Amino acid sequence: MKTLINESLVAEQNQSLMPALQEDYDHLGAKLQRSGIDIEAVTQQAAKFQVAVPSWGTGTGGTRFARFPGIGEPRNIFEKLEDCSVINQMVRCTEKVSPHFPWDKVSDFTELKGFADDLGLGFDAVNSNTFQDQPGQEHSYKYGSLTNTCPQTREQAVAHNIECIEWGKTLGSTALTVWIGDGSNFAGQSHFQRQLERYLDSAKEVYNALPDDWSMFIEHKMFEPAFYSTVIQDWGTNVLCAMELGEKAKSLVDLGHHAPNVNIEMIVSRLIQFQKLAGFHFNDSKYGDDDLDSGSLHPFQQFLIFNELVDAEHRNQPGFNPAYMLDQSHNVTDPIESLMNSAEEVQRSYVKALLVDRDALYGFQDSNDAIMAANTLKAAFNLDVAPILAMARVRNGGAIAPIATYRESGYRAAAGEKRPSSGHSGSGIV
C-alpha cells in the first residue's frame, strides 16, 4: 500500500510518545478492570471501527456569501483520494471514501478504482447531485428534480441516479445516497401530495435499477434551498418513502438536518427497530445545517446516539448494519485536520458507548430508577478513553498524535507546491 507521509516519521513520532501512552493505557486498564471490563477487548473493537470520509470534505467549504480557498486544495478526485489516504494513514479508521457525482466523474472508473486500491482505500456509498445544474445540462432543476412538474426533467434526474449506480458498481460501492433540494418557497407554489407522488414514481425507477446487493439511502433535510416546504423534510416522510419503495431503501440520518432540539437518538432507535436505518452523516450544528466538525459542540448527544447503536449490536438486532460517514464543511481549518479530528471524535463516542454497563442500565430502566439510569450513561461518557483510541491507532499503523505528526510531515505545504491555487475566491456552497 502506497503511503504519502514517510512511515519512518510516523514511527519516530510514535516512539517518543509511546512511554506516556503505555503508562496512561495501563492506568485506564486497571481502572476499567475494577468494573470487570477488559481494556484489550475494547481496544480490539476500537481498532475495527470505520467511518467513511466524503470526497468533497477534503476541500475548503463556504457559504452563500464567500469561500476562501486553502493551500494545496485538491483539484480532482485523484487528489482528493490522496488527501483521504493521508487522513487514513494517520487515524486508521477511515478506509473508505464516499464520492459525489458528477463532481467526481472521470472518463475511466476502472483507473480510479485502481488508484484508490494502491492507496489502500475503498469506496462507500455514491452520491448523486440533482440539486444544482451542471454545464451542458438540458433541463434545469430550479423547480425540482425527481419531483419536477416537467416529465423530461424528472427523467433526466432519474437517469443521472442510474448512471451513478453504474459508476458505483465499477468502484465496488454497494449503496446510492439520494438527497434532493426539491420543495417550495411560497405558500401555494406546489401541491404537497402530487409533489410527493412524483417523488415516489421517480424514486421507484431508481430503486428498480439497484443491483440485488445494493441499498438506496434516502436523505432528508428540514430546509434549504426550499424554505417554505421541503419534499423529504424529516425522518417521518423519509421512512414512509423507504417503506413504500421496498426492503433495499433505508433512511439516512444527517445530524445537522433536523429541527433544533429534536431527539435524534430516539429517531435512531425507531429506525433500528423497524430495520430502516441506513446510517449517518456525522457533523455538528448550532443553528441549522452548519456542517461543523463532529462532536465539536454536542459530544454528549453523539454519545447518546452511539449508545443506541451499541445497544442494537448488543441485542443482535436483525437488519442492523449502518454505514458511518462524516459530512462537514471546513471554512476556517485545514480539511485534513478537521476530518482527522472528527473521525477520532466519532470513534470516541463509539468506544464510550461500549463501556456502558448494559445490565445495570436495563435494571435501572425496569425499576424506573431515573437518576441511576442517567448516571450509568454519564459514568461511561465521562471516562477519558483517549489511551484506547491512540493504542488502537498505533496497532493499526497510525499515529499517536495525528495532527502533530501530519503537521511535522509538511504535507500541506508540499501539496501547495504541487497544486497551485488559481487565486480566486468564490461564493456558493461547495
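Bear in mind that the values in this text are calculations on the coordinates, not laboratory data. Just so it is clear, the structure is predicted and the values come from calculations on it, not from any experiment. Note: ideal-geometry Cβ built from the backbone for every residue, glycine included; neighbour counts use all protein chains shown.
Tell me the Rg and the Dmax, in Å, that the Cα atoms of segment 292-430 produce.
Computed over the Cα atoms of segment 292-430, radius of gyration and Dmax are 19.3, 64 Å.
So who's got an amide H within less than 5 Å of the one on residue 224, skipping anything under 5 residues away but keeping other chains? H placed 1.01 Å off N, in plane.
Long-range HN contacts for residue 224: none found.
In segment 189-292, what GluC sites (Glu not before Pro) fall in a loop by DSSP, with at most 12 other Cβ atoms inside 10 Å?
247
In whole percent, what relative contact order does segment 120-159 give with Cα contacts below 8 Å and a gap of six or more residues?
The normalised contact order for segment 120-159 reaches 28 percent.
What does the charge count near residue 32 come to, summing +1 for each Lys or Arg and -1 for each Asp or Glu among other residues with Cβ under 13 Å from its Cβ?
Around residue 32, the charge tally is -3.
Shape of segment 206-316 from its Cα gyration tensor (a ≥ b ≥ c, root eigenvalues): rounded if a/c is under 1.5, otherwise prolate when a/b > b/c, or oblate?
Oblate, since a/c reaches 1.5 and b/c is not below a/b.
Evaluate the distance, in nm, between pseudo-label points positioned 7 Å from the Cα of residue 191 and of residue 8 along their respective Cα→Cβ axes.
The modelled label-to-label distance comes out at 7.2 nm.
For 412, 64, 419, what ranking results if the residue with the fewest other Cβ atoms within 10 Å of its Cβ goes first?
Neighbour counts put them in this order, fewest first: 64, 419, 412.
Once amide H atoms are built 1.01 Å from N in the peptide plane, which residues 5 or more positions from residue 215, or in another chain, come under 5 Å H to H?
Under 5 Å from the amide H of residue 215 lie the amide H atoms of 175, 176, each far enough along the sequence or on another chain.
What are the ³J(HN,Hα) couplings of segment 274-284, residue after residue, when phi is run through the Karplus curve with 6.51, -1.76, 1.60 and θ = phi - 60°? Round to Hz, x for glycine and proline.
Ordered by residue, 3J(HN,Hα) equals 9, 6, 10, 7, 6, x, 9, 10, 7, 6, 9 Hz.
Collect residues whose amide H, placed 1.01 Å from N in the peptide plane, falls under 5 Å from the amide H of residue 52; neighbours closer than 5 in sequence don't count.
324, 325, 326
Taking the Cβ of residue 201 as the centre, find all other residues whose Cβ is under 15 Å away and add up their charges (Lys, Arg: +1; Asp, Glu: -1).
Spelling it out: positives minus negatives among the neighbours equals -1.
Mind checking which lysines have their Cα closer than 30 Å to the Cα of residue 31? Skip sequence neighbours fewer than 8 apart in that chain.
Here the lysines satisfying the reach criterion relative to residue 31 are 48, 352, 378.
Ignoring everything except DSSP H segments at least 4 long, calculate the 222 nm mean residue ellipticity for the chain; use -39,500 (n - 2.57) per segment, divide by total residues, nearest 500.
Helices in the chain give a 222 nm mean residue ellipticity of -15000 deg cm²/dmol.
Could you tell me which of the pairs 142/250; 80/248; 250/286; 250/418; 204/286 are separated by over 32 angstrom between their Cα atoms in the structure shown?
Too far apart for the 32 Å limit: 250/418; 204/286.
Return the sequence-ordered ³J(HN,Hα) values of segment 204-216 in whole Hz as given by the Karplus equation 6.51 cos²θ - 1.76 cosθ + 1.60 applied to θ = phi - 60°, using x for Gly and Pro.
5, 5, 5, 4, 5, 8, 5, x, 4, 9, 9, 10, 10
How high is the relative contact order of segment 154-281, given as a whole-number percent (alpha carbon pairs under 8 Å, six or more residues apart)?
24
Once you place label points 7 Å from the Cα toward the Cβ at residue 150 and residue 368, how far apart are they in nm?
For the pair residue 150/residue 368, the computed spacing is 6.1 nm.
What list do you get for 391, 1 if you sort them by fewest beta carbons within 10 Å?
1, 391
Among the GluC sites (Glu not before Pro) within segment 96-189, which fall in a DSSP loop and have no more than 11 other Cβ atoms within 10 Å of their own Cβ?
138
Between the alpha-carbon centers of segment 288-315 and segment 73-110, tell me the distance in whole angstrom.
Segment 288-315 and segment 73-110 have Cα centres spaced 25 Å from each other.
With both bridge residues required to lie in segment 133-258, what share of the DSSP beta bridges run antiparallel, to the nearest 5%?
20
Using DSSP to define loop residues, name the trypsin sites (Lys or Arg not before Pro) in segment 115-222 whose beta-carbon has at most 15 other beta-carbon atoms within 10 Å.
Answer by residue number: 142.
If I model a spin label as a point 7 Å beyond the Cα along the Cα-Cβ vector, how far apart are those points for residue 65 and residue 244 in nm?
For the pair residue 65/residue 244, the computed spacing is 3.9 nm.
Neighbouring Cβ atoms within 10 Å as the yardstick, rank 369, 357 fewest first.
369, 357
What are the ³J(HN,Hα) values, in whole Hz, obtained from phi via the Karplus relation 6.51 cos²θ - 1.76 cosθ + 1.60 with θ = phi - 60°, for each residue of segment 123-136 in sequence order, with x given for Gly and Pro?
After applying 6.51 cos²θ - 1.76 cosθ + 1.60, I find 10, 8, 4, 8, 10, 8, 10, 10, 9, 8, 7, 10, x, x Hz.
Express in nm, to one decimal, how much length is gained between residue 313 and residue 275 on full extension, taking 0.36 nm for each residue of separation and deducting their alpha carbon distance.
12.4 nm
If contacts are Cα pairs under 8 angstrom and at least 6 residues apart, what is the relative contact order of the chain in percent?
24
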